[in-house]
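The values are calculated or read from the model by the stated rules, or taken from the named source; none is laboratory data. If you're wondering where the values come from, they're calculated on a predicted model, not measured in any experiment. Positions of Cβ are backbone-derived with ideal geometry, glycine not excepted, and every protein chain shown enters the neighbour counts. The protein model used for the area step is the full one, side chains on, heavy atoms only, and it has no ligands, DNA or RNA in it. Shrake-Rupley method; radii C 1.70, N 1.55, O 1.52, S 1.80 Å.
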Amino acid sequence: MKPINTVKFTFPSRSVNEGFARSAVAAFAAQADPTLDQLADIKTAVSEAVTNCIVHAYRDTIGLIAVTVSFYEENELRIIVADKGCGIEDVQQAMQPLFTTGGEERAGLGFAVMESFMDQIKVSSKPGRGTRVTLVKKLGSR
Amino acid sequence: MTQVIICEDGENMTAMLSGEIDHHWAAILREQIDERVRAASPKTLTLDFSGVTFMDSSGIGLILGRHRLINSLGGIVVVQKAPREIQRMLSLAEIESKE
Ligand SMILES: Nc1ncnc2c1ncn2[C@@H]1O[C@H](COP(=O)(O)OP(=O)(O)OP(=O)(O)O)[C@@H](O)[C@H]1O
Ligand SMILES: [Mg+2]
């Protein structure tokens, strides 16, 4: 399946870039005629995935985060957020609502939010190698 | 722009939040709120979300973290006036926002 349009951007895992990343994805998604609610959902899901790279994958270092956004037939938007950080031992456990290794200031809800705000989520991860989160959503009001 | 304006009225403290609350901004807001909370030990800390335009799960962490701090000082946290979009995030965490 070839995308109709695609963009990729890479940036260092500094928290100040969280706002840029979600706004850039939303700007790209605008071509698919999304509703305002859909745009808000996309921004939130991207914010979750990117924040996880910053606070978990590259906990004590600065590394690169790659975001790829593609637009497919039938108004399908696919977002891939990839890091080369610490990886996840047990993905199933990590995706459980309220599970967190992030301490007091984290709710453990990031994956639950991505699942509930997008149509589909896929997580693949290798400890020591990195993590790749794929988010899919059908856009448009039809 | 993201910011918090904090007012005190006797034993009640209100933090008027506005702008976008993500992990980056939550850390900044947390410091500003906690400094005032530690100085005043309010009975009630009201977090007002009426000016918040975006919030991810870091905002939930911000609420839960303040809840822990205030509880340890013998007070309570109240969440109020969350716009519709933010209520969805709150309901995933089973946090109620009053009018
Ligand atoms: N990119 C990643 N690299 C390494 N570990 C990750 C990554 N993303 C998530 N994790 C792990 O999965 C756990 C759950 O992630 P999730 O986003 O659901 O919650 P959280 O980030 O801990 O809290 P919240 O998102 O509510 O602030 C994290 O605590 C962390 O252990
Ligand atoms: Mg998270």
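Here is a list: A:Leu64, A:Leu98. Which entry is open to solvent by 70 Å² or more (accessible area, probe 1.4 Å) and within 12 Å of another protein chain (Cβ to nearest Cβ)?
Sole residue among the options that is open to solvent by 70 Å² or more (accessible area, probe 1.4 Å) and within 12 Å of another protein chain (Cβ to nearest Cβ): A:Leu98.
Check off (1) in contact with an Asp or Glu (Cβ under 9 Å, 6 or more places away or on another chain); (2) part of a strand (DSSP E or B); (3) over 16 Å from B:Ser18 (Cβ atoms) for B:Leu90 and give me the number that stays unchecked.
Single failed check for B:Leu90: (2).
Can you name every residue in region B:25-45 that is in contact with a Ser or Thr (Cβ under 6 Å, 6 or more places away or on another chain) and either within 10 Å of B:Ile6 (Cβ to Cβ) or open to solvent by 60 Å² or more (accessible area, probe 1.4 Å) (or both)?
The one that is in contact with a Ser or Thr (Cβ under 6 Å, 6 or more places away or on another chain) and either within 10 Å of B:Ile6 (Cβ to Cβ) or open to solvent by 60 Å² or more (accessible area, probe 1.4 Å) (or both): B:Trp25.
Which numbered condition trips up A:Pro34, out of (1) open to solvent by 30 Å² or more (accessible area, probe 1.4 Å); (2) more than 9 Å from ligand 1 (Cβ to nearest atom); (3) assigned to a loop (DSSP other than H, G, I, E, B)?
(1)
Could you go through region A:71-93 and let me know if any residue there is in a loop (DSSP other than H, G, I, E, B), in contact (Cβ under 8 Å) with a residue 40 or more places away in the chain, within 13 Å of ligand 2 (Cβ to nearest atom) and open to solvent by 20 Å² or more (accessible area, probe 1.4 Å).
yes
Among the residues of region A:122-129, are any within 16 Å of ligand 2 (Cβ to nearest atom), modelled with pLDDT of 95 or more and more than 13 Å from every other protein chain (Cβ to nearest Cβ)?
yes
Scan region B:46-68 residue by residue and report those that are open to solvent by 20 Å² or more (accessible area, probe 1.4 Å) and either touching a residue at least 40 places away in the same chain (Cβ under 8 Å) or under 23 Å from A:Pro97 (Cα atoms) (or both).
Those that are open to solvent by 20 Å² or more (accessible area, probe 1.4 Å) and either touching a residue at least 40 places away in the same chain (Cβ under 8 Å) or under 23 Å from A:Pro97 (Cα atoms) (or both): B:Leu64, B:His67, B:Arg68.
If you check every pair at least six apart or on different chains, which have Cβ atoms under 6 Å apart with a residue in region A:43-59 that is open to solvent by 20 Å² or more (accessible area, probe 1.4 Å) first and a residue that is near ligand 1 (Cβ under 6 Å from one of its atoms) and part of a helix (DSSP H, G or I) second?
A:Asn52/A:Gly110
Can you work out which of the residues in region A:101-116 that are in a loop (DSSP other than H, G, I, E, B) and more than 9 Å from chain B (Cβ to nearest Cβ) is most open to solvent (accessible area, probe 1.4 Å)?
Residue satisfying both the conditions and the ranking: A:Thr101.
When you check A:Val55 against the structure, is it under 20 Å from B:Phe54 (Cα atoms), within 16 Å of ligand 1 (Cβ to nearest atom), touching a Gly at 6+ places or on another chain (Cβ under 9 Å) and not charged (D, E, K, R), yes or no?
Criteria met by A:Val55.
Kindly indicate the residue of region A:94-119 that is touching a residue at least 24 places away in the same chain (Cβ under 8 Å) and of a type outside the set (A, V, I, L, M) and also farthest from ligand 1 (Cβ to nearest atom) among those meeting that condition.
A:Phe117
With the requirement that a residue be more than 16 Å from ligand 2 (Cβ to nearest atom), within 11 Å of another protein chain (Cβ to nearest Cβ) and surrounded by 19 or more Cβ atoms within 10 Å (Cβ to Cβ), what does region B:70-94 give you?
B:Ile86
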